[in-house]
């Protein structure tokens, strides 16, 4: 398998007295798939990265290997960040999660703007149109992601279009929810979404790599079925639902700030991490659930999960609050989305990496 674990180097940098990581590194290595899901893995306890590795080839037809420290599209992990900003607004008293969005967007043309709330948006039960329901263009990409940002065929203008669904009727995942949520926090804060990312997230946490597409420098390219991903879509069109980029180290720093109360108070974090069974354990901008791991004791592990998947790039951002741990996996293969698997099914790379990280002694630590 291509790649070398950097955990020994991390221990060296931390000093001779640094504790050895309680991670079954051989088991983590065995769980990885350099063909279906080449990329990177980061595992941390508290503020300490205990395992970090880049492995596999960047281009399936090339020779260059993955390296740590590269910029990745965060895709729908952006929704987790947008939700965090929304909870900051709630903590400040400027946003009522259960007030209709027309309170903050009085010019909204959404059919149910007087009923839809921010909580509904972040839980994907707003009933707003789904981008996949719109016109389709090149390579089967919705034109929503292909046109200029000032076009009425994308962004808030399109998301406020007709819909047959009623708010709170059902869970219906889509990017429009968080494109609208970004518009709400812009209204409550009086600042553009990009400025909120810079002033609330990147600058205070020292996240030098974090920003919003478009980006002058290339980020990690995606591949699928052995070929480069389509060039039909524009990453900037994902807005508050998927337009962020950054390194995995900066994503880890965001996670730690979220876990330790640096970004939002505990009360708002508890609301944001309250997964609802009736909606498949969707919380606000992420999923929150508890399941046991295979051959790892019967105690369920509480998991906060946020996935990202656009084109040929897939991510998993996993927070384990009770273990004070973070697991971040990235890959630039479309096939990785399926290979990462479902934790609750006790199968797939995500489950197996988590089990190796938590269950070196046979039970969750």
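Within the stretch 113-140, the only residue that satisfies the criterion of being free of Cβ contacts under 8 Å to residues at least 12 places away in the same chain and in contact with a helix residue (DSSP H, G or I) (Cβ under 8 Å, 6 or more places away or on another chain) is 136. The condition of being within 21 Å of the chain's Cα centre (by Cα), at pLDDT 95 or above and under 20 Å from residue 224 (Cα atoms) holds for only one of 80, 67, that being 67. Residues that are surrounded by 21 or more Cβ atoms within 10 Å (Cβ to Cβ), touching a helix residue (DSSP H, G or I) at 6+ places or on another chain (Cβ under 9 Å) and in a loop (DSSP other than H, G, I, E, B) within the stretch 62-95 comprise 74, 75, 76, 95, listed in sequence order. Taking (1) in contact (Cβ under 8 Å) with a residue 40 or more places away in the chain; (2) within 18 Å of residue 84 (Cβ to Cβ); (3) outside any helix (DSSP H, G or I) in turn, residue 240 satisfies each apart from (3). The requirement of being touching a residue at least 60 places away in the same chain (Cβ under 8 Å), out of contact with any helix residue (DSSP H, G or I) (no Cβ under 6 Å at 6 or more places or on another chain) and part of a helix (DSSP H, G or I) is fulfilled somewhere in the stretch 227-237, by at least one residue. Annotation: residue 227 fulfils all but one of (1) crowded, with 20+ Cβ neighbours inside 10 Å; (2) out of contact with any strand residue (DSSP E or B) (no Cβ under 6 Å at 6 or more places or on another chain); the unmet one is (1). Taken over the stretch 35-61, the criterion of being part of a loop (DSSP other than H, G, I, E, B) and buried (at least 18 other Cβ atoms within 10 Å of the Cβ) is satisfied by 37, 38, 56, 58.
Condition check for residue 143 on (1) within 24 Å of the chain's Cα centre (by Cα); (2) touching a residue at least 40 places away in the same chain (Cβ under 8 Å); (3) crowded, with 16+ Cβ neighbours inside 10 Å: one failure, at (2).
For the stretch 20-34, filtered to residues that are farther than 18 Å from residue 225 by Cα and outside any helix (DSSP H, G or I), the residue that is farthest from the chain's Cα centre (by Cα) is 20. Taken over the stretch 164-201, residues that are in contact (Cβ under 8 Å) with a residue 40 or more places away in the chain and closer than 15 Å to residue 74 by Cβ amount to 6.
The values are calculated or read from the model by the stated rules, or taken from the named source; none is laboratory data. Every value quoted in this text rests on a predicted model; they were computed, and no experiment measured them. A quick note on method: Cβ atoms are made from the backbone with ideal geometry, for glycine too, and the neighbour counts reach across all protein chains shown.
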